[in-house]
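> Below you'll find the structure I mean.
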Amino acid sequence: MDHKLIISRTENFVKEQLGKDTTGHDWWHSDRVRNTACAIAEIEHADPFICTMAALLHDVADEKLNPSKEEGLRKVHTWLATYLTDQEQIRHIMMIIETMSYSGGGGEPMSTVEGQVVQDADRLDAIGAIGIARVFAFSGAKDRPIYDPELPPRDESLKEEYRDYSKGTAINHFYEKLLKLKTLMNTTYGRQLAEERHEFMLTYLDQFYKEWNQGDK
Ligand code: ADP
Ligand code: NI
């Protein structure tokens, strides 16, 4: 089957799997990650098909959307095995998806340029104007408050704390994760794209505190 057809079938599969999610893992997130990944891939000379497939499928296996991470990964593998005959391609795409999910403490460094590209694209979608929208959408879905000046940011490297949504606020998530992503970029072009988005978050936070403290004397 040619790549174009596999990609269009995969798009439909991802829409079906993530379509109704409102916690930041909806279809449009995967679509944006794919588009950004393709743009970076061109500049970094990465394989566009591998990047496209890994980007589209990266959240289908997410532990938040499946009974377990293993079950999610099995689902993605079954999908790939239906359409691809090249075992090396399947292994490569699976490796990217397994490695890229960022939980407390971070994961293994990406070993291939395609993995680095897709991971950068996913991280870029967590910062900037869209990243800000996603952090508040996610926080609302998890009943976390917008901000509480009495709750200091936590150490996100502690995995249990990181996944304990009952603590912390949306604003704290900027310090726990989002403002650190710029320095974690793998590729030169990814880092370049992160710069503007990072600056925008700093501007946003400045304005947020300015308004919060407006009445204070
Ligand atoms: P992805 O799977 O896309 O790499 P995550 O699952 O870590 O990212 O997060 C999805 C979105 O939800 C991100 O935009 C992130 O900012 C937001 N998010 C994740 N964890 C938290 C949290 N503890 N508090 C607030 N927002 C969060
Ligand atoms: Ni993602």
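Derivation of every value follows stated rules applied to the coordinates shown; laboratory data play no part. What you see is a predicted model, and the numbers here were worked out from it, not measured in a lab. Cβ: placed from backbone, ideal geometry, glycine included. Neighbour counts: every protein chain shown.
> Quick one: Cα centre-to-centre distance for region 184-217 and region 40-64, in angstrom?
Between the Cα centre of region 184-217 and that of region 40-64, the gap is 26 Å.
> How high is the FRET efficiency between Gln89 and Thr22 when r is their beta carbon distance and R₀ equals 41 Å, given to the nearest 0.05?
0.80
> Using a Förster distance of 22 Å, how high is the FRET efficiency between Leu179 and Leu65, based on the Cβ-Cβ distance and rounded to 0.05?
So the FRET efficiency works out to roughly 0.25.
> With label points built 7 Å along Cα→Cβ from the Cα atoms of Glu199 and Glu11, find their separation and express it in nm.
Spacing of the two 7 Å Cα→Cβ label points: 3.3 nm.
> Helix-only estimate, please: 222 nm mean residue ellipticity of the chain, summing -39500 (n - 2.57) across DSSP H runs of length 4 or more and dividing by its residues, to the nearest 500. All intermediate terms of the calculation are to be shown ahead of the outcome.
Details: 10 runs with 136 residues, N = 217.
Here the helix-only value at 222 nm equals -20000 deg cm²/dmol.
> On a full-extension model of 0.36 nm per residue, what is the gain between Glu211 and Ala137, subtracting their alpha-carbon distance, rounded to one decimal in nm?
Here the answer is 24.6 nm.
> Indicate the gyration tensor shape class of region 1-137 (rounded, prolate or oblate), computed on the Cα atoms with a ≥ b ≥ c the square roots of the eigenvalues: a/c under 1.5 is rounded; otherwise a/b larger than b/c is prolate and the rest oblate.
Note, shape of region 1-137 comes out rounded.
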